[in-house]
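Colleague: Here it is: the structure, laid out below.
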Amino acid sequence: MQRCSLFLLALIVGLGTNSLSFAQNTGGVFPPTVNEGHRSFQYRITVDPDNAAGETRVAQRLHYQQAINDDFMWRILGQGRRTANSDFDFDFLQAELFWQTAQRENYQGGVRFDARLSDAGRPGQLGFNWINQFKWNQSWNARFLTLLSAQVGSGAADGVVFQTRANIWKTTQVGNFGVELFNNYGNTQDSLSFDEQNHSVGPFYVRKFGKKSGWSVFAGTLFGISDAAADTELRFWVTKTFSGGIKK
């Protein structure tokens, strides 16, 4: 599985986010690790300062996650966004279940199952995600994710949406510095060119504040590398971990 994951990582870097609906990308390149006793709360905000309509768009979401044991963890999250009609509209509510399936010296793997309830008028969504994390040495790490999702309910589209995400980062005494890549190839029922797909890349920084405080922050910027992607997205997260260690 590790060789296959490395091949996929090389493929995606050779080819080139989150959603072809052009919503602000509040997603992350999430880890497969599950720490027994872990509990945390997180706030995220993403700002698209100048979208295609010439407006500033904002999306915000809240997370709460808690480990069931050292293999499984559940998470619940809700997202709202600024629309043309309101400064803050409900976007979706999502439940997630993480399952860490592999833990070796230089590799950790897992899967995540998602169920999403969207705002009125939009179908729900079911998702399956394959997560891989690699440790090259004491400083350098990388992740590669494959995401599959399908719409369910009234008005659901046929086919499956296929995405990949990847990042690489270096751990230092003043935080983690890295680069992340988001790729949304669209629905399997469609045949989209690269510029019709959603591809973004950009740097990020993660800082933890003290070993016992439980507070950490994430700051990053994504730049569109396809026409369908936002030109620039500014992303900021703040996390409070109550027990079981701090996760990025």
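The values are calculated or read from the model by the stated rules, or taken from the named source; none is laboratory data. Please read all numbers here as calculations on a predicted model, not as lab measurements. Note that each Cβ is placed from the backbone with ideal geometry, even for glycine, and that neighbours are counted across all protein chains shown. The accessibility values were calculated without ligands, DNA or RNA, using every heavy atom of the protein model including side chains. Shrake-Rupley method; radii C 1.70, N 1.55, O 1.52, S 1.80 Å.
Colleague: Sorting Val58, Val174 by accessible area (1.4 Å probe), largest first, what list results?
Modeller: Result, largest first: Val174, Val58.
Colleague: If you don't mind, there's one more thing I want to ask. Given the C-alpha atoms of the stretch 183-232, compute the convex hull and give its volume per residue in Å³.
Modeller: 84
Colleague: What's the percent breakdown of Cα-Cα distances in the stretch 31-74 across 10 Å bins, shortest bin first?
Modeller: 25, 31, 21, 17, 6
Colleague: Could you calculate, for the chain, the ratio of the Cα radius of gyration to the Kirkwood radius, expressed as Rg to Rh?
Modeller: 0.94
Colleague: Shifting gears a bit: Hey, if you drop one equal point scatterer on each alpha-carbon of the stretch 78-192 and run the Debye formula without solvent, what base-10 log of I(q)/I(0) do you get at q = 0.20, 0.21 Å⁻¹?
Modeller: Each listed q corresponds, in turn, to -1.15, -1.19.
Colleague: Sorting Ile68, Ile225, Ile45, Ile131 by accessible area (1.4 Å probe), largest first, what list results?
Modeller: Output order, biggest surface exposure first: Ile68, Ile225, Ile45, Ile131.
Colleague: Order Thr146, Thr26, most accessible first, counting only protein heavy atoms with a 1.4 angstrom probe.
Modeller: Largest accessible area first, the list is Thr146, Thr26.
Colleague: Ok, one more. What net charge do the residues around Phe223 carry, taking every other residue with its C-beta under 9 Å from that of Phe223, with Lys and Arg at +1 and Asp and Glu at -1?
Modeller: -2
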